[in-house]
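Written below as structure tokens is the structure these notes are about.
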Amino acid sequence: QVQLVESGGGLVQAGGSLRLSCAASARTFSSAVMGWFRQAPGKEREFVSAIRWSSGGTYYADSAKGRFTISRDNAKNMVYLQMNDLKPEDTAVYYCNADQLLRKIVAGTGATWGQGTQVTVSS
């Protein structure tokens, strides 16, 4: 079972940037796709972005396009989410997740989840 550990959250002013990191204990067939989700207080969990380990193919929610960039470092088993031009509505706990299938990542039903990292954007 792959284990995921997020880091990099914090408090930032609107317009600022943060880079989240997700450390995976391994890259396996069952974790071929890595994704980021977020959940704000009182709101449903929301897909943000995903990336394939093998091809580097990336996928974004409309809310993330143009401001967020997902990337991976296969040598280090790391996935990153660079977030620019942050807005107060980006405030949430951000979770890294992994699954074999992209559709499960997008649906929020990925097999493996990290513990989350808090991102707070002040206005």
Residues satisfying the stated conditions in the range 85-100, i.e. open to solvent by 60 Å² or more (accessible area, probe 1.4 Å) and in a loop (DSSP other than H, G, I, E, B): Asp85, Lys87, Gln100
Matching option when the condition is open to solvent by less than 20 Å² (accessible area, probe 1.4 Å), within 11 Å of the chain's Cα centre (by Cα), among the small types (Gly, Ala, Ser) and under 22 Å from Ser7 (Cβ atoms), among Ser31, Ser71, Ser49: Ser49
Identity of the residue in the range 101-123, over 12 Å from the mean Cα position of the chain (by Cα) and crowded, with 18+ Cβ neighbours inside 10 Å, that ends up nearest to Glu44 (Cα to Cα): Gly110
Selection status of Ala64, open to solvent by less than 70 Å² (accessible area, probe 1.4 Å) and not in a strand (DSSP E or B): yes
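The values are calculated or read from the model by the stated rules, or taken from the named source; none is laboratory data. Quick caveat, the model's predicted, so the values are computed rather than measured. Virtual Cβ from ideal backbone geometry, glycine too; neighbours counted across all protein chains shown. What goes into the accessible areas is simple: the full protein's heavy atoms, side chains included, and nothing from ligands, DNA or RNA. Shrake-Rupley method; radii C 1.70, N 1.55, O 1.52, S 1.80 Å.
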